[in-house]
Amino acid sequence: MTGSTAPMRNPSHEGLPPTSSAHQDDRATSERRAADLEMARVLRTEPLRIALDSRGVGIAHWKHDPLHDVVEPMSHHVIMAYNGVMQRMERRSGKSVAIGTFRPGVVIIIPEGSSSRWDIPKPVDVVQLYLPDATLKRVADEAGTTGPAHLLERTAHPDPITSRLLLSAADSLEGNGPLDALFRHQLTDLLATRVLAAHTGSPTTFQPTMGGLSPKVLLRAIERLRSDSDADVSLDALASDAGLSRFHFCRAFKESTGLSPHAWLRQHRLEQAMNVLRDTDEPIVSVAAALGYASQTAFAAAFRKLTGETPSDWRRRVR
């Protein structure tokens, strides 16, 4: 077992004026580990799957051994959905002790900068979202909310909606760079809205969607989604081109099409694959590469998830 240790005193600082609290806060923030690095340290293993972007937003699926250790302050909020066997656990933050029962349908939230000791007696299967505070604030601003969004610590807190959304991420990274990135960014914003609504000191109310995209803006968005350029199909690019925030673009696009941008793009690429498989003798490995999949295996898994058949079985059936 390891724990946090008190910082060593520096005799050369004795008698000097105390450092300003703002400077201390800045220094403390800069010394925090990124969530993926702190989790790797404390869990002493590698994630089964992990996807991170340049801003540190990430989704990771971990299976790890029993845990008896201190999670040090991190530079991200960490939201977890539990997917393992039911078990009792204990979390200590200072003098506060929380005892909960891990089971499917509960969530765990570690706010940015908090530290706690965890005692979990059995192996754990968990999916984690790493959410920078800047992302949470952006979503709050785009949604027109007011006031600071201070996340609450949650220990095995019942929330089947958030749990189901987050667990879906473990099976929805398809080995296709643009599709995976679009899904991850969409899911991150959706989870941020859910967290703001259910897990802050002042729960946020979001207004219902009012109308979709204009025909001209929708056509431009669809042209982008049909592009072969990864940059064109990023959520940031789609929203910026429409003159909307990411939050409002996703809501308006779904209002117009009935599908999220990610679901629309996945369906479009599946239709492309079907056309090639039906009309040509192109090897499946070439079809997978042309559509941006990392491997034939990743493409086959994504194809089967949507059609119930492998690409080769589907090709034989329709010819």
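The values are calculated or read from the model by the stated rules, or taken from the named source; none is laboratory data. It should be emphasised that the depicted structure is a prediction, and the values quoted were computed from it without experimental measurement. Cβ placement follows ideal geometry from the backbone for every residue including glycine, while neighbour counts extend to all protein chains displayed. The area values use the complete protein model at the heavy-atom level, side chains included, leaving out ligands, DNA and RNA. Shrake-Rupley method; radii C 1.70, N 1.55, O 1.52, S 1.80 Å.
If we count GluC sites (Glu not before Pro) as exposed when they sit in a DSSP loop and have at most 13 other beta carbons within 10 Å, what is the longest stretch of the chain that avoids them all?
The reported range is 32-319.
I need the calculated FRET efficiency for the pair ASP241 and VAL285, taking r as the beta carbon distance and R₀ as 41 Å, to the nearest 0.05.
Calculated transfer efficiency: 0.80.
Cβ under 13 Å from THR310's Cβ, THR310 left aside: what net charge do those residues give with Lys, Arg +1 and Asp, Glu -1?
Within the 13 Å Cβ shell, the charges total +3.
What is the calculated FRET efficiency for LYS137 to LEU52, with r their C-beta to C-beta distance and R₀ = 22 Å, to the nearest 0.05?
0.65
Considering only protein heavy atoms and a probe of 1.4 Å, how much of the accessible area of segment 231-295 is carbon and sulfur, as a whole percent?
49
Extension gain SER227-LEU306, at 0.36 nm per residue separation less the Cα-Cα distance, in nm?
So the chain would gain 26.3 nm between SER227 and LEU306.
How much net charge surrounds SER96 when only the other residues with a Cβ under 12 Å from the Cβ of SER96 are counted, with Lys and Arg +1 and Asp and Glu -1?
With Lys, Arg at +1 and Asp, Glu at -1, the net is +2.
How much FRET efficiency would the formula 1/(1 + (r/R0)^6) give for LYS63 and SER214, where r is the Cβ-Cβ distance and R0 is 45 Å, rounded to 0.05?
Working from the Cβ atoms, E equals 0.45.
For LYS122, go through the aspartates and glutamates and keep the ones whose alpha-carbon is under 15 Å away, minus same-chain ones fewer than eight residues off.
ASP65, ASP69, GLU90
Specify the inter-centroid distance of segment 83-148 and segment 218-296, based on alpha-carbon positions, in whole Å.
Their Cα centres are 33 Å away from one another.
Let me check I've understood the local charge: for GLN87, count other residues with C-beta under 10 angstrom from its C-beta, Lys and Arg +1, Asp and Glu -1. What total comes out?
Net of charged neighbours comes to +3.
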